Each structure stands twice: as C-alpha cells, then as structure tokens.
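Chemist: Okay, here's the structure, questions in a sec.
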Amino acid sequence: MSFGTHAYVPDDRNASVLFNVNGELVPREKAVVNVFDSGFMLGDGVWEGLRVHQGRIAFLTDHLDRLWEGAAALDIDIGLTQAALTVRLYATLRANDMTEGVHIRLMLTRGLRSTPYQDPRVVISAPTIVIAPEYKAPDPSTASKPLRLYTVSVRRGRADVQDPGLNSHSKINCVTACIQAIKAGADEGLMLDPQGFVATCNSTHFFIVRKGEVWTSSGDYCLGGITRGKIIELCKANDIPVYERNFPLAKCYSADEAFTTGTFAGLAPVGEIDGRKIGSGTRGLIVERLQSLYLDLIHRDTSA
C-alpha cells in the first residue's frame, strides 16, 4: 500500500494484468528484466507515469515529448517513433480490456550491458521498454484530506550535478528525502533548492496560495511537471493570478492555502508544513476550484 499523494485503492484485477516488455505481453509476475539491464544496474533511463480516462491516455503527447527529451539528453536512441510507441501502449490496454481507473508506468532504459560498468559503450542491446499498467485509482480521500509536509535537508541539485529536470530512474535523492519526511511523521518531503528557496516535493510539485495569488517555484530545480504546467495554464485561462518565482519557506508558513500536483492524484491539498497549520488547515476554495477545472480539462483531453 502506498501513502500520501500516492495512496490508492487496492484492486484484485491487477493479479492477472499483462505487462508489455519490449513488445511482448507477459503476465505481471513474469515481467522481469535482466540483472545486466542499465536501469537495474545504474538507474540509467527515463520514465513516465500515465493516467487512462475514458479509454484514452491523458496528455499523452506531452508525456511522450518529455520522454523523448529525456532520452535525447541521455543520448539514448529509443528505436521507435512516438506513433509506434503509442500503438504499443494502446495495444497493451486493449489486451487487458482497460479503459478507466488505470495508471501506466512507462519505463525506458539504455538496455543490456555486457559487464557491470557505467560506460554506455558496453551496451549490447536495444533499449528496454516496459509498459506496466495497473488498475490504480487514487484514494478518494486524497482530494480533500490535507497532507502533512516536512522540509527535508536533502536539496534539489543543480543541472551541472544531476539535472533535476530529467525524469530519470536515478531517484535516490528523492528517496532519501521521502525517508526523512516519513521519519518526521509527514506524508512527503518539501525540498529546497541550493539557494534555500522552495523547489518541489520529493514526488510531486508544490504550490501555495497567498491573497488570491497562486505561487509555485521558478521551475529551475524541478521536473517539468505535466500536471504542474496544466495548472499554470488553467490559472491563466481562468483569471487566477499565477506566478513562477523564487520564494522562501517562510512564505509557505503564512500562506492561505497550499497544494501539490502530480499525474496520479491530480491536486492534493496541504494542511500542515513542519508542524505549522497552513491557512485553516483544510482544503481551501482555490484548491477546490482548481481541482474541478483540472478534472474538466482531463475530460476534454480524453474526449477529443
């Protein structure tokens, strides 16, 4: 069972789901990769989390563009076109008769290595592409039950150290941030950038609301979140002032509302940061409005 923003409703149907490993459909329990796979050995690869609504994958073009961008940054030749991978994704959904309440983990690695070594010149296969669909509905309480965040000591790094804009398999800094937050009794870790400004959470993006204005980080030290970007667009389209800017932790403590965003749960309210109640400590009016606007946007996208 997962917790916080990734809490979900268990579903027995997942026991018989077929995963897609390099174009081959295999039972979930037999969906394995070689120990010499670059992702297993070095975290060398990128991935996407996708949601399925009305039989369609929401914002698929945005996700595939980000996957291709990450692969280019890592100098990985995917070996497929976006159209071909789209066909493979939908074939996997059809094979499982999946149309709603589905989450897909799309994983790409550099492929098999001839020996345990980081140099990509020892890779001896095409990239590994895994499509792992699950019946995975967010816990309904996530939309209204406020999260507790804890500001961790683990920072989001600079692009010349490990580019935080890459959605890579190498997530150890986020994992250590998550562990620190858990040990502090929180749901998720709030991470600062190297200058001490608020950056993001360990697995979601972060926003605050102050006097009717929605603030989020500059984006310099976080992943280019698909849901994050959609919320910014929705604010602009609905006359809600929104700013991407540097701001210190102190501005969070005095915020009227706060929330996180992510592909899995959408928008989730935050009621507490470092033991301090944020606003009323409950879901605020702007968060509730943005949740409704976001659900409408997903419906329009998957109905198109």
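Chemist: Can you name every residue in the stretch 194-208 that is in contact (Cβ under 8 Å) with a residue 40 or more places away in the chain and over 16 Å from the mean Cα position of the chain (by Cα)?
Modeler: So the first thing to find is which residues in the stretch 194-208 are in contact (Cβ under 8 Å) with a residue 40 or more places away in the chain, and the list is 195-208.
Result: 195, 196, 197, 198, 208.
Chemist: Report, by residue number, each residue of the stretch 1-51 that is in a strand (DSSP E or B) and out of contact with any helix residue (DSSP H, G or I) (no Cβ under 7 Å at 6 or more places or on another chain). Outline the logic, then answer.
Modeler: Taking the stretch 1-51 first, the residues in a strand (DSSP E or B) are 8-9, 18-21, 24-27, 37, 45-51.
Hits for the stretch 1-51 are 8, 9, 21, 24, 26, 27, 37, 47, 49, 51.
Chemist: If you don't mind, another one. Six or more apart or on different chains, Cβ under 6 Å: which pairs go from a residue in the stretch 165-189 that's farther than 20 Å from residue 65 by Cα and not assigned by TED's automatic domain parsing to the domain that holds residue 109 to one that's of a type in the set (S, T, N, Q) and crowded, with 20+ Cβ neighbours inside 10 Å? Could you list them?
Modeler: Between residues of the stretch 165-189 that are farther than 20 Å from residue 65 by Cα and not assigned by TED's automatic domain parsing to the domain that holds residue 109 and residues that are of a type in the set (S, T, N, Q) and crowded, with 20+ Cβ neighbours inside 10 Å, the close pairs are 174/202; 177/202; 178/202; 188/202; 189/202.
Chemist: Return the residue satisfying two criteria in turn: it lies in the stretch 4-25 and is hydrophobic (A, V, I, L, M, F, W, C) and loosely packed, with under 14 Cβ neighbours inside 10 Å, and of such residues it is nearest to residue 146 (Cα to Cα).
Modeler: The qualifying residue nearest to residue 146 (Cα to Cα) is 9.
Chemist: Could you check the stretch 209-233 and list, in sequence order, the residues that are in a strand (DSSP E or B) and in contact (Cβ under 8 Å) with a residue 60 or more places away in the chain? I'd like the intermediate steps shown before the answer.
Modeler: Just the residues of the stretch 209-233 that are in a strand (DSSP E or B), to begin with: 209-210, 213-216.
209, 214, listed by residue number.
Chemist: Could you identify the single residue in 155, 113, 121, 148 that is more than 26 Å from residue 208 (Cα to Cα), buried (at least 17 other Cβ atoms within 10 Å of the Cβ) and modelled with pLDDT of 95 or more?
Modeler: Working: 155 fails: more than 26 Å from residue 208 (Cα to Cα); 121 fails: buried (at least 17 other Cβ atoms within 10 Å of the Cβ); 148 fails: more than 26 Å from residue 208 (Cα to Cα).
The match here is 113.
Chemist: Restricting to the stretch 204-222, and then to whatever is under 13 Å from residue 290 (Cα atoms) and in contact with a strand residue (DSSP E or B) (Cβ under 6 Å, 6 or more places away or on another chain), can you tell me which residue is surrounded by the most Cβ atoms within 10 Å (Cβ to Cβ)? Break it down into steps so the answer makes sense when it comes.
Modeler: Taking the stretch 204-222 as the starting set, the residues that turn out to be under 13 Å from residue 290 (Cα atoms) are 207-209, 212-214.
Then drop every residue that is not in contact with a strand residue (DSSP E or B) (Cβ under 6 Å, 6 or more places away or on another chain), which leaves 207-209, 214.
Details: 207: 26, 208: 23, 209: 23, 214: 23.
Per the stated criteria, the residue is 207.
Chemist: Does the stretch 92-101 include one or more residues that are surrounded by fewer than 19 Cβ atoms within 10 Å (Cβ to Cβ), part of a helix (DSSP H, G or I) and not hydrophobic (A, V, I, L, M, F, W, C)?
Modeler: So far as the stretch 92-101 goes, yes, one or more of its residues are surrounded by fewer than 19 Cβ atoms within 10 Å (Cβ to Cβ), part of a helix (DSSP H, G or I) and not hydrophobic (A, V, I, L, M, F, W, C).
Chemist: Assess whether residue 276 counts as being without any contact (Cβ under 8 Å) to a residue 24 or more places away in the chain and under 15 Å from residue 187 (Cα atoms).
Modeler: Values: without any contact (Cβ under 8 Å) to a residue 24 or more places away in the chain: yes; under 15 Å from residue 187 (Cα atoms): yes.
Criteria met by residue 276.
Chemist: Being part of a strand (DSSP E or B) and either within 30 Å of residue 47 (Cα to Cα) or modelled with pLDDT under 95 (or both) is the filter here; which residues of the stretch 273-304 pass it?
Modeler: From the stretch 273-304, those part of a strand (DSSP E or B) are 273, 276-277; that's our starting set.
273, the sole residue that qualifies.
Chemist: Would you mind telling me which numbered condition in (1) buried (at least 16 other Cβ atoms within 10 Å of the Cβ); (2) of a type in the set (Asp, Glu); (3) at pLDDT 95 or above residue 139 fails?
Modeler: Every listed condition holds for residue 139 apart from (3).
Chemist: Next question. Filter the stretch 147-169 down to residues that are charged (D, E, K, R) and assigned to a loop (DSSP other than H, G, I, E, B), then give me how many there are.
Modeler: Going residue by residue through the stretch 147-169, those that are charged (D, E, K, R) are 148, 155-156, 158, 160, 163.
Those still in the list that are assigned to a loop (DSSP other than H, G, I, E, B) too: 155-156, 158, 163.
Qualifying residue count for the region: 4.
Chemist: What do you reckon, is residue 256 among the acidic types (Asp, Glu), surrounded by fewer than 19 Cβ atoms within 10 Å (Cβ to Cβ) and without any contact (Cβ under 8 Å) to a residue 24 or more places away in the chain?
Modeler: Working: among the acidic types (Asp, Glu): yes; surrounded by fewer than 19 Cβ atoms within 10 Å (Cβ to Cβ): yes; without any contact (Cβ under 8 Å) to a residue 24 or more places away in the chain: no.
So residue 256 does not fit the description; no.
Chemist: Moving on to the next point. Mind counting the residues in the stretch 34-43 that are surrounded by 18 or more Cβ atoms within 10 Å (Cβ to Cβ) and either assigned by TED's automatic domain parsing to the domain that holds residue 271 or of a type in the set (A, V, I, L, M) (or both)?
Modeler: So the answer is 1.
Chemist: Sticking with this structure for a sec: Identify the single condition in (1) part of a loop (DSSP other than H, G, I, E, B); (2) among the hydrophobic types (A, V, I, L, M, F, W, C); (3) under 22 Å from the mean Cα position of the chain (by Cα); (4) surrounded by fewer than 13 Cβ atoms within 10 Å (Cβ to Cβ) that residue 72 does not satisfy, given that it satisfies every other one.
Modeler: Here residue 72 meets the rest and fails (1).
The values are calculated or read from the model by the stated rules, or taken from the named source; none is laboratory data. Note that the structure is a prediction, hence the values are computed from the model and not measured. Neighbour counts are summed over all protein chains in view; Cβ atoms, including those assigned to glycine, are modelled from backbone coordinates with ideal geometry.
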